[in-house]
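Below: one structure, written as structure tokens.
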Amino acid sequence: MKKTTFIETISQQSGELPARCLGCLKCTAGCPIYPWMDYGPTRVIRLIQLGQKERLLTSSAIWLCVGCETCAARCPMKIDMARIMDALREMALKECYEAKEPNILLFHNLFLNSVKKRGRVFEAEFLGWYKIKSGEFFKDMKLGLEMFKRGKMPLWPSRIKAKGEVREMFKKEIARR
Ligand code: SF4
Ligand code: SF4
């Protein structure tokens, strides 16, 4: 049986076609997190094309991407980079690659737990748990206060209608693995 290549696996898992990338750099130019990443989105795609699995699964880029979709909105080939980053993260977790960024796995898991429990992330609760579990009590306090002042960190969770559907999605994803 023919072995699936890295690019084929990522294409299957993300539903995207990294082979179509033109290397135009529009995604990288617009990515708000690029200054902190070791590889920008264009480079990530190029490394996928070159089969550089190890480099990507140990990179900080896959964990720092916030899934904001700016890259997808700018891409002339309609490639959704956030989905590709998701597929890379899932592969790294499944194959037990260590994440480069400290506490990023804790952050990732608490974030997903919050979405699973409430249908969308409840920032105040999620960040509270993150502070307790990471021990980083005072880090980014100023930023947190600013978010609170601007109404970006409500004290009560928002109600969403499709909470059951979100749980169902998580169940299906766990069964798929
Ligand atoms: S989705 Fe990720 S890679 Fe794309 S612009 Fe946002 S942070 Fe950057
Ligand atoms: S914007 Fe699209 S085509 Fe251009 S480099 Fe990024 S992924 Fe490739």
Item checked: Selected residue (criterion: nearest to ligand 2 (Cβ to nearest atom)) from residues of the stretch 83-110 that are closer than 16 Å to Pro18 by Cβ and touching a Leu at 6+ places or on another chain (Cβ under 8 Å) -> Leu88
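Could you pull out every one of the helices (runs of 4 or more DSSP H) wholly within the stretch 15-82 that has 1 or more residues that are in contact (Cβ under 8 Å) with a residue 40 or more places away in the chain, within 9 Å of ligand 2 (Cβ to nearest atom) and on the phi > 0 side of the Ramachandran plot?
Numbers: elements: 26-30, 41-49, 53-57, 61-64, 70-74.
Result: empty, no element qualifies.
So, in the stretch 43-68, of the ones that are of a type in the set (A, V, I, L, M) and more than 21 Å from Leu17 (Cβ to Cβ), which residue ends up farthest from ligand 1 (Cβ to nearest atom)?
Quick first cut of the stretch 43-68, residues of a type in the set (A, V, I, L, M) only: 44-45, 47-48, 50, 56-57, 61-62, 64, 66.
Now drop any that are not more than 21 Å from Leu17 (Cβ to Cβ), which leaves 64, 66.
Numbers: Leu64: 7, Val66: 5 Å.
The residue in question is Leu64.
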Check: If a residue has to be away from ligand 1 (no atom under 14 Å from the Cβ) and either aliphatic (A, V, I, L, M) or within 17 Å of Ile33 (Cβ to Cβ) (or both) to count, how many in the stretch 78-100 make the cut?
Finding: 5
Note to self: So, in the stretch 103-120, how many residues would count as being outside any helix (DSSP H, G or I) and more than 17 Å from Trp63 (Cβ to Cβ)?
What the structure shows: 2
Check: What are the residues in the stretch 83-114 that are surrounded by fewer than 17 Cβ atoms within 10 Å (Cβ to Cβ), within 24 Å of Glu168 (Cβ to Cβ) and free of Cβ contacts under 8 Å to residues at least 60 places away in the same chain, if any?
Finding: Leu93, His108, Asn109, Phe111, Leu112, Asn113
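Does Glu123 count as away from ligand 2 (no atom under 16 Å from the Cβ) and among the charged types (D, E, K, R)? I'd like the intermediate steps shown before the answer.
Numbers: away from ligand 2 (no atom under 16 Å from the Cβ): yes; among the charged types (D, E, K, R): yes.
Criteria met by Glu123.
Given the condition in a loop (DSSP other than H, G, I, E, B) and exposed (fewer than 15 other Cβ atoms within 10 Å of the Cβ), answer yes or no: does some residue in the stretch 165-172 qualify? Talk me through it step by step, then tell me what you get.
Filtering the stretch 165-172 for residues in a loop (DSSP other than H, G, I, E, B) gives none.
No - not one qualifying residue is present in the stretch 165-172.
If the requirement is being in contact with a Pro (Cβ under 7 Å, 6 or more places away or on another chain) and either more than 20 Å from Cys65 (Cα to Cα) or not assigned by TED's automatic domain parsing to the domain that holds Gln49 (or both), which of these qualifies: Arg159, Arg118, Arg167, Arg150? Walk me through how you get there before you give the answer.
On the way: Arg159 fails: in contact with a Pro (Cβ under 7 Å, 6 or more places away or on another chain); Arg167 fails: in contact with a Pro (Cβ under 7 Å, 6 or more places away or on another chain); Arg150 fails: in contact with a Pro (Cβ under 7 Å, 6 or more places away or on another chain).
After ruling out the rest, the residue left standing is Arg118.
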Notebook entry, point to check: Any idea which of (1) within 16 Å of the chain's Cα centre (by Cα); (2) at pLDDT 95 or above is the one Arg46 doesn't satisfy?
Noted result: (1)
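Is the stretch 110-118 home to any residue that is aromatic (Phe, Trp, Tyr), more than 15 Å from ligand 1 (Cβ to nearest atom) and on the phi < 0 side of the Ramachandran plot? Steps first, please.
Our first condition is that a residue be aromatic (Phe, Trp, Tyr); within the stretch 110-118, this holds for 111.
Right, trim to more than 15 Å from ligand 1 (Cβ to nearest atom) and you get none.
Checking the stretch 110-118: not a single residue is aromatic (Phe, Trp, Tyr), more than 15 Å from ligand 1 (Cβ to nearest atom) and on the phi < 0 side of the Ramachandran plot.
Polar (S, T, N, Q), surrounded by fewer than 14 Cβ atoms within 10 Å (Cβ to Cβ) and away from ligand 1 (no atom under 12 Å from the Cβ) - does that describe any residue in the stretch 14-24? So that I can check it myself, show each step before the final result.
Of the stretch 14-24, the ones polar (S, T, N, Q) are 14.
From what's left, surrounded by fewer than 14 Cβ atoms within 10 Å (Cβ to Cβ): none.
Looking through the stretch 14-24, none of the residues is polar (S, T, N, Q), surrounded by fewer than 14 Cβ atoms within 10 Å (Cβ to Cβ) and away from ligand 1 (no atom under 12 Å from the Cβ).
The values are calculated or read from the model by the stated rules, or taken from the named source; none is laboratory data. Just so we're clear, the structure is a prediction, and the values are computed from it rather than from any experiment. No Cβ is skipped: glycine too gets one built from the backbone with ideal geometry, and neighbour counts run over all protein chains shown.
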